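The values are calculated or read from the model by the stated rules, or taken from the named source; none is laboratory data. None of these values were measured; they are calculated from a predicted model. Reconstructed Cβ throughout: ideal geometry from the backbone, glycine too, with neighbour counts over all protein chains shown. Ligands, DNA and RNA are excluded from the accessible area calculation, which covers all protein heavy atoms including side chains. Shrake-Rupley method; radii C 1.70, N 1.55, O 1.52, S 1.80 Å.
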Amino acid sequence: MKRIAAIVNGALRTWFRSKTTLFWTLAFPILLMLLFGAIFNVSDDPRFDFYVQNQDVIDGQPSMLSNTFVSMLNETGVLNIKMVDATENTGTYIEEKGVEMMLIIPEGFHQSSLAQNASVTLKTVPIEVDTTAATVRGVVEQVIEYFNIAATGQNPPQVVTMQLEDLVSNNYRFIDYFVPGLIGMTLMTTGIFGAVGWNTRNKELGILKKLATTPLSKFEYIIGVILFELVMCTISTVAILIVGVLVFNVTILPNIYSIILIVAGAITFPGMGMVIARFVKETDSADAAANAITFPMMFLSGTFFPLETMPELLRQIARVLPLTYLSDGLRDSMVYDNASSALYNTAIVLVVGIIFIVIGSLITSWREE
Amino acid sequence: MSNQAVIQVDSIVKKYKDVTAVNGVSFTVNRGEVFSFVGPNGAGKTTTVEILVCLRDLTAGKAKVLGFDVSSRKGKQQIRKRVGVLPQDFNTFDLLTVKENINYYKRMYGNVGRDTDDLIKLVNLEHKSKTLYKNLSGGLKKRVAIAITLANDPEIIFLDEPTTGLDPKARRDVWKLIEGLRDQGKTIFLTTHYMDEAQVLSDRVVIISYGKIIADGTPSELILKHGGKTTLIVEDGKKEAYEVLKTKFPKARIENGDVLVPINNKSDLPNAVMALNGNKTKFGELIVRRPNLEDVFLNLTGKKIVDGELN
Ligand SMILES: Nc1ncnc2c1ncn2[C@@H]1O[C@H](COP(=O)(O)OP(=O)(O)O)[C@@H](O)[C@H]1O
Ligand SMILES: [Mg+2]
């Protein structure tokens, strides 16, 4: 145990003192996020659009009270209202336009208002996903209150009530998509370059040979290296998340899947790195080999742009890359709150991770034959 | 000094695919001696060391270190605890300080033995203990490596070419450290291709060439047996001095303008000097050269070792 702690301790000190490694594992992903965030966040943000579908239409004209209600919404001036034709299928429309907030005034609104039992339905993404939803809900509540007072001179009794429905939005901002991918990418580069660099460098210096003459076992050594990678990956991930939340207001749903995914990622890539280090002996060529693997994987795994936008051939390739599943899983769990898909991706990354780390550990040469 | 054997090697053979690196080597090392394994690059020194410290399995033969069999699992565990190894060309973590580096390896042994500050003092690096390893000169790096080798207060210290690539001053510092360790009663297994180093430091020398031992003994035994004669060198004596000396010394010869006269007994030297003097022969200087281990190697193999390579 002391020996493993010594390995982790030594490696962490080395990491903190190496400016290049610190740059690639911490500064680079954060710079990348700031850069991409700045470039892609200027496009107009669909979140502030507030869709209203007035279904209470009589002879092609909105009913009087429903029309009044819409005007009152308009008068608040804070909502960017877009009217949706009453003939549109609500569900399809939401999906196609990527609607995040929609108010539905049902058929018969005028009649039921007179009977003092009308209701409207406000569909929004969960407020944990987007805090504007809370603001909008407040505004609509205000409007309803005014409407009630205007209609009856008192409040209660209520004329109109509001029903809330959650929307699963598929129209996240680019940065929401990008941050989990960035974490996946960082886990990959940190893991692969970490393991390759650490092992080839230490082999070149004779440190591995020296360690092999001590009572330290290969098993302890590898556990130490993996723990080190895990700590390094956790620090990188947390740093990215902190900047993401502070600068871009990225919404992160912490849950068990993301934690398992990060652990699984933190063993998959060092495992791959060990495999590379075993076959490529010199430091320089090992670096080149690591680059040759990480770069394509970075672009083909949907780190920067969704796989759906890629040609079929590239999508096929993406399907065999572990980073694809890691990034997808992180998105499912951290952003989309899509538990079943997160579970699927987590399971794949975990299994692949275990396979790689076992193979990597077995073939890492320690004592010579 | 007790003559207790701490390393016993019996006809060991090590084959790599098509190379036989060590070919039937036998020797013993006694407790408390500085034992040198001398030979050119590729002779099989490192391979032998790596077998003895359980880094490699042997192909045939038997070897025991401190009474433990290097081929048994239990033996290996015991040996690893008790020996200290400085691998050839060893360097440690660039971005750890001297002290952190030594601590690192000490933890691998469960922090037995002397404490880190003692080790730092032993190699005279007190003023550098907080310096990063990468910022040290080659000589100081080697001293850190030696301190690391002593991390577990080992009974036997294996030093594989500890002075290769060092400047003369740093080499001498390492020699002093080795002498200090011997004075503390440590057994030292040293490999080198520097004959002068072996001669100065060793209690016993084994010369190895192409995987086979070609000589084994104390430096003076080897020189006496294989070193050849003491030689009088008549610098710049040329033909003239040669003519004067050749009647009394038929084995005299000219080499690069110098006349070399083998000295066989006590009277040879004065006789030669008198002959030169009597004839008013012109020459540069007179030098008496005693044979050394280099001559031993030359006489045994017909070759010299220059920068580790056969020449
Ligand atoms: N891992 C290896 N694989 C194949 N051949 C090797 C290996 N290590 C050493 N050799 C060969 O074995 C011989 C002895 O090498 P070595 O023990 O390193 O000699 P020395 O330490 O005396 O220079 C050399 O011919 C060398 O090329
Ligand atoms: Mg060698």
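Taking the Cα centre of the range B:54-209 as origin and charging only Cβ (+1 Lys, Arg; -1 Asp, Glu), how large is the dipole, in debye to the nearest 20? Walk me through the intermediate numbers first.
Working: 27 positive and 20 negative charges, 96 e Å.
Using only the charged Cβ atoms, the result is roughly 460 debye.
With the dipole of the protein assembly as shown worked out from charges on the C-beta (+1 for Lys and Arg, -1 for Asp and Glu) around the Cα centre, which of B:MET274, B:THR187, B:VAL200 lies farthest toward the positive end?
Sorting the options by dipole projection puts first B:MET274.
Using the crude model of +1 on Lys and Arg Cβ and -1 on Asp and Glu Cβ, and no other charge, please compute the dipole size for the range B:227-298 relative to its Cα centre, in debye to 20. Working shown, then result.
Details: 12 positive and 10 negative charges, 62 e Å.
Dipole about the Cα centre, nearest 20: 300 debye.
Along each of the three principal axes of the Cα atoms of chain B, give the extent in whole Å, ordering the values from largest to smallest.
The principal-axis extents, from largest down, are 74, 47, 39 Å.
When ligands, DNA and RNA are left out and all protein chains stay put, how many square angstrom of accessible area per residue does the protein assembly as shown have with a 1.4 Å probe? Let's see the in-between values first.
On the way: 31230 Å² over 680 residues.
Counting only protein heavy atoms, the per-residue value for the protein assembly as shown is 46 Å².
With an 8 Å cut-off on Cα pairs and a minimum separation of 6 or more residues, tell me the relative contact order of chain B in percent.
Numbers: 615 pairs, mean separation 59.8, N = 311.
Taking the mean separation of contacting Cα pairs over the length of chain B, I get 19 percent.
Per residue and in cubic angstrom, what volume does the convex hull of the Cα atoms of the range A:274-369 have? Kindly include the intermediate steps, with their values, before the conclusion.
Details: hull volume 11.3 nm³, N = 96.
Taking only Cα atoms, the range A:274-369 has a hull volume of 117 Å³ per residue.
Can you list the lysines whose alpha carbon sits under 30 Å from that of A:LYS97, skipping same-chain ones fewer than 8 residues off?
The qualifying lysines are A:LYS82, A:LYS123.
So, in Å, what gap is there between the alpha-carbon centers of the range B:92-137 and the range A:316-360?
43
Relative contact order (percent) for the range B:227-298, with alpha-carbon contacts under 8 angstrom and 6 or more residues of separation? Display every interim value, and only then the final one.
Working: 117 pairs, mean separation 35.6, N = 72.
That works out to 49 percent.
Mind jotting down a quarter of the surface of the convex hull over the alpha carbons of the range B:1-131, in square nanometres, one decimal? The partial results should precede the final answer.
Working: hull surface 40.0 nm².
One quarter of the hull surface, i.e. the mean projection, equals 10.0 nm².
Looking only at chain A, where both bridge partners belong to it, what percent of the DSSP beta bridges are antiparallel (to the nearest 5)? Working shown, then result.
Values: 6 of 22 bridges.
Looking only at bridges with both residues in chain A, the antiparallel portion is about 25 percent.
With the Cα gyration tensor of the range A:174-363 giving a ≥ b ≥ c as the square roots of its eigenvalues, does the rule (a/c under 1.5 for rounded; else a/b larger than b/c for prolate; else oblate) give rounded, prolate or oblate?
On the way: a/c = 2.02, a/b = 1.68, b/c = 1.20.
Prolate.
Running Debye on the protein assembly as shown with equal point scatterers at the Cα sites and no solvent, what base-10 log of I(q)/I(0) appears at q = 0.07, 0.09, 0.11, 0.12 Å⁻¹?
Evaluating at q = 0.07, 0.09, 0.11, 0.12 Å⁻¹ gives log10 I(q)/I(0) of -0.67, -0.88, -1.10, -1.20.
Show that you can apply the helix-only estimate: for chain A, add -39,500 (n - 2.57) for every DSSP H stretch of four or more residues, divide by all residues, and state [θ] at 222 nm to the nearest 500.
Working: 15 runs with 233 residues, N = 369.
So the helix-based figure for chain A works out to -21000 deg cm²/dmol.
Which value, in debye to the nearest 20, gives the size of the charge dipole of the protein assembly as shown about its Cα centre, when Lys and Arg are +1 and Asp and Glu are -1 at the Cβ? Walk me through the numbers on the way to the answer.
Details: 70 positive and 70 negative charges, 1123 e Å.
Approximately 5400 debye in magnitude.
Under a straight-distance cross-link criterion of Cα-Cα below 15 Å, which aspartates and glutamates are reachable from B:LYS248, leaving out those fewer than 8 residues away in the same chain?
Here the aspartates and glutamates satisfying the reach criterion relative to B:LYS248 are B:GLU240, B:ASP268.
Which of the aspartates and glutamates could a cross-linker span from B:LYS17 if the Cα-Cα distance has to be under 18 Å and same-chain partners fewer than 8 positions apart are dropped?
A:GLU368, A:GLU369, B:GLU50, B:ASP57
Using only the Cα atoms of chain A, what do you get for the radius of gyration and for Dmax, in Å?
27.3, 93
What is the range A:48-166 by shape, rounded, prolate or oblate, if you read a ≥ b ≥ c off the alpha carbon gyration tensor as root eigenvalues and call it rounded for a/c under 1.5, prolate for a/b larger than b/c, and oblate otherwise? Present the calculation step by step, with values, prior to reporting the outcome.
Details: a/c = 1.84, a/b = 1.24, b/c = 1.48.
Oblate, because a/c is 1.5 or more while a/b does not exceed b/c.
Calculate how many DSSP beta bridges within the range A:48-166 are antiparallel, expressed in % of all such bridges and rounded to the nearest 5.
Counting DSSP beta bridges with both partners in the range A:48-166, the antiparallel share is about 25 percent.
For the protein assembly as shown, with the dipole built from +1 on Lys and Arg beta-carbon atoms and -1 on Asp and Glu ones, taken about the Cα centre, which of B:GLY211, A:GLY98, A:LEU326 lies farthest toward the positive end?
B:GLY211
Computed FRET efficiency, Cβ-Cβ of A:VAL78 and A:MET162, R0 22 Å: what is it to the nearest 0.05? Write down the numbers at each step before the final one.
Working: r = 17 Å, r/R0 = 0.77.
Given R0 = 22 Å and the Cβ-Cβ separation, E is 0.85.
Given R₀ = 60 Å, FRET efficiency for A:MET64-A:ASN291 by Cβ-Cβ distance, to 0.05? The partial results should precede the final answer.
Details: r = 69 Å, r/R0 = 1.15.
In this case the efficiency is close to 0.30.
Between A:ASN117, A:ASN202, A:ASN54, where does the largest GNM mean-square fluctuation fall for chain A, given springs only between Cα atoms within less than 10 Å?
Maximum among the listed residues: A:ASN117.
Counting DSSP beta bridges with both partners in chain B, what percentage is antiparallel, nearest 5? Mind dumping the intermediate values first?
Values: 36 of 54 bridges.
DSSP beta bridges in chain B are roughly 65 percent antiparallel.
Checking understanding here: applying a Kyte-Doolittle mean of at least -1.0 and a length along the axis of at least 15 Å (C-alpha), which whole DSSP H helices in chain A pass?
On the way: long enough: A:2-17 (22 Å, 0.14); A:28-40 (18 Å, 2.64); A:64-75 (16 Å, 0.47); A:132-152 (30 Å, 0.64); A:174-205 (44 Å, 0.51); A:218-248 (44 Å, 2.15); A:256-279 (35 Å, 1.83); A:283-300 (26 Å, 0.69); A:339-363 (35 Å, 2.19).
In chain A, the long hydrophobic H runs are A:2-17, A:28-40, A:64-75, A:132-152, A:174-205, A:218-248, A:256-279, A:283-300, A:339-363.
If you take the square roots of the eigenvalues of the alpha-carbon gyration tensor of the range A:218-279 and sort them as a ≥ b ≥ c, do you get rounded (a/c under 1.5), prolate (a/b over b/c) or oblate? It would help to have the intermediate numbers written out before the result.
On the way: a/c = 2.71, a/b = 2.41, b/c = 1.12.
Prolate is the answer for the range A:218-279, as a/c is 1.5 or above and a/b outweighs b/c.
Pairs of alpha-carbon atoms within less than 8 angstrom and 6+ residues apart define the contacts here; what relative contact order does the range B:1-108 have, in percent? Walk me through the intermediate numbers first.
Numbers: 145 pairs, mean separation 25.4, N = 108.
It rounds to 24 percent for the range B:1-108.
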